[in-house]
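A quick write-up on the structure given underneath.
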Amino acid sequence: MLRYLLASLFFVSLTATAYGLENSEGLPEIQQQEPQEMGAPADVSDDELEKFAKINLKAQEQEIEPQVDPQGFQSLVEDHDLRLEEFQQINMAVQQDPELQEELQEIFAELERDRR
């Protein structure tokens with residue numbers, strides 16, 4: 001189950017990043033961020049990482065795809081007290097930092113235990 005969640009996470013995260021590049025619907029555009037240099041610490045709090053995980057799980061549960069329903073996805077992100085730009089920054093940090101990936105796996109496992 002955890003592998004499925006992680007695969008879904010990266011799908012949602014990558015499509016969220018992609019949808020923000022061209023935006024004709026008046027939604028805030030996501031700015032492309034320069035990748036962090038290797039070895040640079042990611043500036044993501046535990047609270048932000050947990051919100052990021054919950055957003056991804058909720059998007060999966062509700063079948064919200066950012067490219068198909070950008071407004072729905074934006075609402076979902078904002079319902080968790082993040083901006084789209086913050087979501088993208090967390091996504092990029094997770095993709096680049098193996099320690100954050102491990103923390104995220106632990107959060108997913110904890111959230112899955114809580115759902116039972």
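The values are calculated or read from the model by the stated rules, or taken from the named source; none is laboratory data. All values reported here derive from a predicted model rather than from experimental measurement. Protein only, heavy atoms only, side chains kept; ligands, DNA and RNA dropped before computing areas. Shrake-Rupley method; radii C 1.70, N 1.55, O 1.52, S 1.80 Å.
Overview of values
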quantity: Semi-axis lengths, Å, region 68-116, gyration tensor of Cα atoms, sqrt of 5 times eigenvalues; calculated: 22, 17, 8
quantity: Residue-level accessible surface for Leu111, protein heavy atoms, 1.4 Å, Å²; calculated: 20 Å²
